[in-house]
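Let me begin by presenting the structure, written as structure tokens, before commenting on it.
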Amino acid sequence: MKLITLNTWAGRLKEPFEKFLKEKMSDTDIFCFQEIFNDLDEELETNIDERGRNKHILKEITEILIDYNAYFCPVIENVYGIAIFLKKGFEVIASGEVMLYENPAFTSTRDGVDHTRKMQWIHIKHGRKDVMIMNVHGHWSPEGRRDNENRIEQSKAIKSFIETTGNTPKIMVGDFNLLPETESIKMLEEHFINLITKYNISTTWTELAKENDKHADYAFVSDEILVEGFEALPDVVSDHVPLALQFDVF
């Protein structure tokens, strides 16, 4: 099986991104996306300011990935969030979301204030093999990607959820907005293998990013996952690098 995770940069690079989807969909079973707009009405007060955003990116992805089922997890109202696209033929055992950071008073007019953050999860089965996929877009701070109280609480929320899921094989991916050496990441490594560090991925940003930090995106797997390949893809379709995981389940 193959999974690709990507922060879409709110769909700013429309044509390269759509070309990427068309090239990758034939051999990819699962796409996990962050920064997804769901038919945003420009007249609606959403407290989101994303210049160059593609306000219909969810719909447009759905029109390309016709052999997939879309699972959208709204984070701000019903117009902005994260999404998993699962190739048809998989059985969905259960799905849901976990609150990681809550800020109902978020407004884009206040500098340094982050919106609510969630983890989306879906437990799927293919043949006799089942796996839980978790998609994360973690807490952002203007001070960078080091530990803070909210990020520690975020990792605690993830750990608490994981501890309720038993021995189900797990894959957790997304834009965590964290550096590898943080305590927040180390807390997750108590339950997972960190593929970014194991495969020595030097950066998860493309040439379009204006970031001093080298990492934000991650892929974690539990011991029950057999990793057949993992790489940062060279495609420039966002300011984030697409990460591709080829895997099987023991």
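The values are calculated or read from the model by the stated rules, or taken from the named source; none is laboratory data. Every value quoted in this text rests on a predicted model; they were computed, and no experiment measured them. Methodologically, a virtual Cβ is constructed for each residue, glycine included, from the backbone with ideal geometry; neighbour enumeration extends over all protein chains shown.
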(Q) Can you tell me which condition Phe161 does not meet? The list is (1) touching a residue at least 60 places away in the same chain (Cβ under 8 Å); (2) in a loop (DSSP other than H, G, I, E, B), and all the others hold. (A) (2)
Q. Any residue in region 208-222 that is under 22 Å from Met134 (Cα atoms), of a type in the set (D, E, K, R) and not in a strand (DSSP E or B)?
A. no
Q: Evaluate region 110-125: report whether one residue or more is outside any loop (DSSP other than H, G, I, E, B) and surrounded by fewer than 17 Cβ atoms within 10 Å (Cβ to Cβ).
A: yes
Q: Starting from residues that are touching a Lys or Arg at 6+ places or on another chain (Cβ under 6 Å) and under 24 Å from Asp27 (Cα atoms), keep the ones in region 80-106 and report whichever is surrounded by the fewest Cβ atoms within 10 Å (Cβ to Cβ).
A: Glu91
Q: Quick one: which strands (runs of 3 or more DSSP E) lie wholly within region 1-83 and hold at least 2 residues that are within 23 Å of Phe176 (Cα to Cα), of a type outside the set (S, T, N, Q) and at pLDDT below 95?
A: 68-76
Q: Determine if region 91-105 includes at least one residue that is charged (D, E, K, R), assigned to a helix (DSSP H, G or I), at pLDDT 95 or above and farther than 20 Å from Ala244 by Cβ.
A: no
Q) Which one is surrounded by the most Cβ atoms within 10 Å (Cβ to Cβ), of the residues in region 51-74 that are within 30 Å of Lys129 (Cβ to Cβ) and of a type in the set (Val, Ile, Thr)? A) Ile61
Q.
Being without any contact (Cβ under 8 Å) to a residue 60 or more places away in the chain, over 16 Å from the mean Cα position of the chain (by Cα) and under 29 Å from Lys186 (Cα atoms) is true for just one of Ile93, Ile122, Ile152. Which residue is that?
A. Ile152
Q: Take region 154-179 and flag every residue that is surrounded by fewer than 16 Cβ atoms within 10 Å (Cβ to Cβ) and either out of contact with any strand residue (DSSP E or B) (no Cβ under 7 Å at 6 or more places or on another chain) or among the hydrophobic types (A, V, I, L, M, F, W, C) (or both).
A: Lys156, Lys159, Ser160, Glu163, Thr164, Gly166, Asn167
